[in-house]
């Protein structure tokens with residue numbers, strides 16, 4: 001029995017919403033690692049998401065066609081028999097499909113980390129605004145390059161991807177959503193663990209006062225570069241999961257507003273350097289986004305402007321109000337304790353007891 005809201009079946013809508021939230025949670029958490037914890041204003045997140053989808057997708061298609069000995073007639077990306085042939089081969093082999101997903105994720109992570117290094121190298125030693133402009137320009141360059149250069153991923157035509165979830169049958173979208181949720185959970189746990197480690201304190205020190213961190217012997221350039229590489233690898237893997245979920249790589253879909261601006265909005269609303277806030281913000285943001293998109297037709301008689309801009313206006317107003325009322329976000333940054341509070345109390349009490357049991361030294365007052 002279908003449960004409809006605005007003509008949409010919730011049984012189909014909820015997995016799609018959950019997958020979107022999971023993907024954007026991973027991207028936003030990686031941005032929080034850069035911006036919230038380290039102070040790197042990455043205005044080029046779309047660069048790494050697109051790179052992961054494009055180069056990871058290209059690798060997956062070429063690798064599978066080579067392994068299975070599938071011959072292509074004419075243009076590689078315009079051969080209509082390529083993807084259906086691959087789907088037939090992998091459809092009955094779940095282990096092979098999972099292996100292809102993991103291998104492609106690994107390739108995308110390497111590509112993302114390499115691009116993170118290459119794009120940060122010219123400006124990582126300069127001020128944050130110069131680095132932000134370099135990353136923004138790099139994202140635009142890759143977008144238009146892949147759009148006009150056909151051999152990598154089909155250019156403006158894009159490329160159809162094989163479906164590694166086809167073996168799940170009617171549960172295909174549920175399985176794909178589960179993979180995205182597991183990926184987002186692993187990213188969240190990893191970044192949270194980094195934030196609670198001594199490295200997390202180093203990142204905050206570099207963010208708050210780079211000169212002081214350098215005076216304490218920290219290689220701030222290397223730390224910022226490594227953070228950018230790790231976050232870029234995470235974003236690239238998210239791009240691969242997007243391509244596999246949609247079974248398609250369309251370069252124009254990876255616009256700046258989708259994979260740079262929206263993650264920034266999520267981090268700002270949730271609270272920088274607070275992963276719980278970012279997770280809550282990602283869930284609320286995309287739920288509100290989809291609800292607005294679904295309900296805009298029902299509001300057509302009450303809104304005096306083009307409904308295509310409704311979601312941007314509403315979310316833009318929410319962002320402005322949030323910056324005015326609560327600029328630190330829904331959840332403020334909290335001090336990170338590298339040890340549980342109970343363990344800290346135990347150490348403190350042990351230190352006090354040892355100090356009180358120590359005999360007074362000669363020549364000190366009270367002897």
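A few points about this structure:
- FRET efficiency, 1/(1 + (r/R0)^6) with R0 41 Å, evaluated for residue 284 and residue 102 via beta carbons: 0.85
- 345, 196, 225 arranged by Cβ crowding within 10 Å, fewest neighbours leading: 345, 196, 225
- Stretchable slack from residue 133 to residue 323, in nm (0.36 nm times residue separation minus alpha-carbon distance): 66.1 nm
- Segment residue 199-residue 299, extension gain: residue separation times 0.36 nm, minus the distance between their alpha carbons: 31.0 nm
- By the count of neighbouring beta-carbon atoms within 10 Å, fewest first, 208, 219 end up ordered 208, 219.
- Sorted largest first, extent of the chain alpha carbons per principal axis (Å): 95, 56, 44
- Sequence-distant contacts, meaning Cα pairs under 8 Å at least 6 residues apart, place the relative contact order of the chain at 30 percent.
- Protection proxy ranking, peptides 85-94, 246-255, average beta carbon neighbours within 10 Å, highest first: 246-255, 85-94
- Over the chain: helical MRE at 222 nm, DSSP H runs n ≥ 4 each giving -39500 (n - 2.57), nearest 500: -21500 deg cm²/dmol
- Neighbour-count order for 21, 344, fewest beta carbons within 10 angstrom listed first: 344, 21
- Ordering of 28-34, 266-272 by packing [mean C-beta count within 10 Å, highest first]: 28-34, 266-272
- Efficiency of FRET between residue 118 and residue 350 - r from beta-carbon atoms, R0 45 angstrom, step 0.05: 0.35
- The gain in end-to-end length when the residue 171 to residue 189 segment is fully stretched comes to 3.8 nm, 0.36 nm per residue minus the alpha carbon separation.
Just so you know, all these numbers are worked out from the coordinates, no wet-lab data involved. Given the structure is predicted, the values throughout are model-derived calculations rather than measurements. Cβ: placed from backbone, ideal geometry, glycine included. Neighbour counts: every protein chain shown.
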